[in-house]
Amino acid sequence: MRHGESVVNVARIVKCRQYDGDLTVVGREQSSKAGAWLLDKGITTIRCSPFHRAEQTAQIIGDALGLQPVVDNDLCEIHCGDLEGRDDEEAWSLWETIYRRWNAREMNAEYPGGETFFQAYERFSRALSSVHTSETALLVTHGGITCSIVPYLCVNAAALQRVDNLVNTGFVLLEYYGLAQYACHAWNLIEHFG
């Protein structure tokens, strides 16, 4: 799932290396609703990105489920390098340009001073494959990395080529398919807002 709304989202600041950026009041409410909705879903483990917005989301849900989240650095947001901390239109335009190349699976497309699509693909794939098939895991991560990488890890990727961006606390439901591939059963699931 994507983390709850954070001050970084509201201020439109590129934050992909520094972990700071707390949840807003709305983000805490979203996370609480997600935790209540997950009560009967059989979650056995929670892993999260080390970014504050993801850790705080995971902790709120973990408190509801009686589980202690574990930090996984492979769930970090896109490492956008030199764009870190910027909020200007030029930075966002460059971010979007490279992001579109990632969505086209250009393996060498690289954020200046950051990571390539291939590097992000490798680490996010590693995060998913570290979940044992006997677990029902909740992975709390970020919208950019999820939207650009997950479709290429799914056997039904063709059906996901036009995926929408994830809203805050939107879920992607994946089932292990085999050979480090997954079947996507839901994209941007928001039943907890119901």
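Derivation of every value follows stated rules applied to the coordinates shown; laboratory data play no part. Every value quoted in this text rests on a predicted model; they were computed, and no experiment measured them. Neighbour counts run over all protein chains shown; Cβ positions are idealised from the backbone, glycine included.
Residues with amide H under 5 Å of Lys15's amide H, sequence separation 5 or more or different chain, H placed in the peptide plane at 1.01 Å from N; which?
Gly85
For Gln18 and Tyr176, FRET efficiency with R0 = 30 Å and r from the beta-carbon atoms, rounded to 0.05?
Given R0 = 30 Å and the Cβ-Cβ separation, E is 0.35.
Report the FRET efficiency, 1/(1 + (r/R0)^6), for Gln119 and Asp63, where r is their Cβ-Cβ distance and R0 is 35 Å, rounded to 0.05.
Efficiency, from the Cβ-Cβ distance: 0.55.
Let me have the 222 nm mean residue ellipticity of the chain computed from DSSP H runs of 4+ only, each contributing -39500 (n - 2.57), with the sum over all residues rounded to the nearest 500.
Calculated from helices alone, the mean residue ellipticity at 222 nm is -10500 deg cm²/dmol.
Taking the simple approach of a point 7 Å from Cα along Cα-to-Cβ for both Val70 and Val10, what is their distance in nm?
3.4 nm
If r is the Cβ-Cβ distance from Ala104 to Phe193 and R0 is 35 Å, what FRET efficiency results, to the nearest 0.05?
0.65
Report ³J(HN,Hα) in whole Hz for each residue of segment 180-188, in order, from the Karplus equation J = 6.51 cos²θ - 1.76 cosθ + 1.60 where θ = phi - 60°; Gly and Pro get x.
Running phi through 6.51 cos²θ - 1.76 cosθ + 1.60 with θ = phi - 60° gives 6, 10, 9, 9, 8, 9, 7, 10, 6 Hz.
Among Ser31, Ser93, Ser148, which one shows the highest mean-square fluctuation when the chain is modelled as a Gaussian network with alpha-carbon springs under 10 Å?
Ser93
Throw me the Rg/Rh for the chain, computed over C-alpha atoms with Kirkwood Rh, two decimals.
So for the chain, dividing Rg by the Kirkwood Rh gives 0.94.
Mind checking segment 28-102 for trypsin sites (Lys or Arg not before Pro) that DSSP puts in a loop (not H, G, I, E or B) and that have at most 13 other Cβ atoms within 10 Å?
Those satisfying the criteria are Lys41.
Rounded to the nearest 20 debye, what is the charge dipole size of segment 7-193 about its Cα centre when +1 sits on each Lys and Arg Cβ and -1 on each Asp and Glu Cβ?
Approximately 360 debye in magnitude.
What does the charge count near Phe51 come to, summing +1 for each Lys or Arg and -1 for each Asp or Glu among other residues with Cβ under 11 Å from its Cβ?
With Lys, Arg at +1 and Asp, Glu at -1, the net is -1.
Return the whole-Å distance between the Cα centroid of segment 1-75 and the Cα centroid of segment 81-124.
When both Cα centres are located, 23 Å separates them.
What are the principal axis extents of the Cα atoms in segment 85-144, in Å, biggest first?
The Cα atoms of segment 85-144 stretch 45, 23, 19 Å along their principal axes.
What full-extension length gain, to one decimal in nm, is calculated for Tyr152 and Val26 as 0.36 nm per residue of separation minus the Cα-Cα distance?
Separation in residues times 0.36 nm, less the Cα-Cα distance, equals 42.2 nm.
Which far-off residues, 5 or more places away or on another chain, put their amide H under 5 Å from the one on Tyr182, with H placed in the peptide plane?
For Tyr182, the qualifying residues are Cys154, Val155, Tyr177.
Of all chymotrypsin sites (Phe, Trp or Tyr not before Pro) in segment 39-123, which ones are in loop regions per DSSP and have a Cβ with at most 10 other Cβ atoms within 10 Å?
The qualifying sites: there are none.
Could you tell me which of Asn9, Met107, Cys184 has its Cα farthest along the dipole of segment 7-193 towards the positive end, charges placed at Cβ (Lys, Arg +1; Asp, Glu -1), taken about the Cα centre?
Cys184
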